[in-house]
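Asker: Dropping the structure in here first, questions after.
Quick note: the coordinates plus some simple rules give every number you see, no bench work behind them. This structure is a prediction, so every number in the text was calculated from the model and none was measured. Note that each Cβ is placed from the backbone with ideal geometry, even for glycine, and that neighbours are counted across all protein chains shown.
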Amino acid sequence: MSGISGAGVGGPARPEDAGAGLRFEPTYLVTAAFAADAAARREPHRAAHLAHVRALLADGTALVAGARADLTASVLVLRAADATAARALVEQDPYWRHGVWTTLDVADYLAATSHTLGRT
């Protein structure tokens, strides 16, 4: 396992478990479930949604954004002060405001990023 201690029998990965100087960055894993009729609902809001996501990626707030392969939900990994702030970022998205997404799950997530590996 390339020197990284992770989840397993002992539980989830912790920053102090990292090997070889790897640090984890506190982030939030957001899963936004699509409405049953999302295909019809999303089209008028898609350009605005993509602009919102593009802005989050460009300023480094979002580390990753995309959709599950089965298209049941969008998934984002966000930098934020806390879970409430992460949720607020997603609630600004046109997909949330227009009912394309019906539920949001925000979970604490410890991300190892290229930045935490010493790369810029």
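Asker: Which ³J(HN,Hα) values, rounded to whole Hz and listed in residue order, are derived for the range 60-66 from phi using the Karplus coefficients 6.51, -1.76 and 1.60 in 6.51 cos²θ - 1.76 cosθ + 1.60 with θ = phi - 60°, glycine and proline given as x?
Answerer: My calculation for the range 60-66 gives x, 5, 9, 8, 8, 8, x Hz in order.
Asker: Separate question: Roughly what would the spin-label model give for D108 and D82, points 7 Å off Cα along C-beta, in nm?
Answerer: 1.2
Asker: How much of the pair distance distribution for the range 20-67 lies past 18 Å, counting alpha-carbon pairs only, in percent?
Answerer: 46
Asker: Moving to a separate point now. Give the relative contact order (percent, whole number) for the range 30-107; include only Cα pairs under 8 Å separated by 6+ residues.
Answerer: Here the relative contact order equals 48 percent.
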